[in-house]
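Asks: Below is one structure. I have some questions about it.
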Amino acid sequence: MMKHAVLFAILALLLSSGACALQFFSGNTVSIDDPIDDDVFAVGSSVNINAPVESAIVAGGNVNINAPVRGDLIVSGGQVLLSSNVGGKVIALGGNLNLLGNVTRNLVAAGGQVDLHRNMTVGKDALVGGGDVYNSATINGTLTVNAENFEDKGHAGLVRFYQTEKMEERPPEHGISILGLIMSLGFLIAGLILLRLFPQVFVTMDEEIRSSPAMRTMAGFLGLVVSVVLAVIFAMTVVGVPLFLLTLLFLMAGVMLSGLFVSFSLGRAITVRLKKDGPVLAFLVGFIILNILYQVPYVGWVVSLITTSLGFGALIYGLLRWHRGQGAPVA
C-alpha cells in the first residue's frame, strides 16, 4: 500500500498552498460517510468516500469514490474505482483504474490498466498513460494516450495515440538494486548530518518551497538548463576550464541537495498537519516517501524531475535571499 500511498504528498505540496484547510483521515480502513464541506486528505489500506466532499487527496490499497467531489480529486491506489462525479479535474494513479464518473474539467490518469467506461464524460481533455488503456467514454476535448495497448470504442474531439514499447520480463538485477540501496542510505546519512549541522538552511529552503512551489520549480528547471549550457561553453576553452569546474561543482551540489531539501519540506508538510512535528522525523518521512515514489512506473522519472527542479529553484532563491540580506541560509 505504501508504494501507492505516496502520490498525495508531492501533489499536495506542489498544487496547494501551505495555508490550505484539510481534514485528515488515516487508518487501515477509512470510510467517509458524512458530507464534508472541506478538503479531505485520506490514507489507508482501504479508503471509501461515501458522502460528498469539497475536494479530496486520497491514497490507499483499494480506493472507492462513491460520492460526488465538488472540486478536484487526486487519487492513488492499487485498485481505484471512481463511480461518482467530480466537479473539477482528476489526477489518478494506480495499478488498475476503473473510471465511471463524469469529470467536469481535465483528466490525467496513469496505471497498469486504465478503463474509461461508457457512461463517463470528460468535459475537457484527457491524458492517459499505462500498459493497457480501454476507452468507451466521451471526451469533449482531446484524448492523448501513451500505452502499450489501446482499445478505443468511445468518442473524442481528437484522439492522439502513442504506442510505448512493451517492457520485457527480466530477472531482478540484484547488483543494481543493492547499489541503489547503498546510495539511498548514503544520501539519508548525509541529509541527517547536514540537518544536524545546518538546520536553518533546511528551514530557509522549506520557506522558499512553500512560498511558490510552481515558480520555484520553473526557476529550478531553467537554472539546470542554463547551468548545463554554461558548463559546455566554459569547457570549450582552456581559459574557461576553472569556470567549467566551478559550474559543474555547483550543478552537482545543487542536484544532490535538492532531493534533501524537498524531502524535508515534504515531510514537514505532513508531520506538522499530523501534529508530530520534528526536523528529523520530517526529513525521514519525506525522504522515504520520495524514494518509494521514484520507483513507481511511468511516474518516478517525472517526480524526480519535479523534485530536482523544485529543490534547485529553492536553492537559487535562497542564495538570492541571502545575498540581499533578507535571511542568512546558514545556522
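The values are calculated or read from the model by the stated rules, or taken from the named source; none is laboratory data. Note that the coordinates shown come from a computational prediction; the quantities given were computed from them, not determined experimentally. Every residue, glycine as well, gets a Cβ built from its backbone with ideal geometry; the counts of neighbours run over all protein chains shown.
Asks: Among the residues of region 192-232, how many are of a type in the set (Ser, Thr, Tyr) and under 12 Å from GLY318 (Cα atoms)?
Replies: Going through region 192-232 one residue at a time, the tally reaches 2.
Asks: If the requirement is being buried (at least 16 other Cβ atoms within 10 Å of the Cβ) and either in contact with a helix residue (DSSP H, G or I) (Cβ under 6 Å, 6 or more places away or on another chain) or more than 18 Å from GLY313 (Cα to Cα) (or both), which of these qualifies: ALA282, ALA235?
Replies: The unique qualifying residue is ALA282.
Asks: From the list ARG268, ARG273, which residue is basic (Lys, Arg), under 27 Å from GLY78 (Cα atoms), modelled with pLDDT of 85 or more and not assigned by TED's automatic domain parsing to the domain that holds VAL128?
Replies: Just one listed residue meets the conditions, ARG268.
Asks: If we scan region 162-171, do we find a residue that is at pLDDT 85 or above, farther than 30 Å from VAL280 by Cβ and touching an Asp or Glu at 6+ places or on another chain (Cβ under 9 Å)?
Replies: Yes, some residue in region 162-171 is at pLDDT 85 or above, farther than 30 Å from VAL280 by Cβ and touching an Asp or Glu at 6+ places or on another chain (Cβ under 9 Å).
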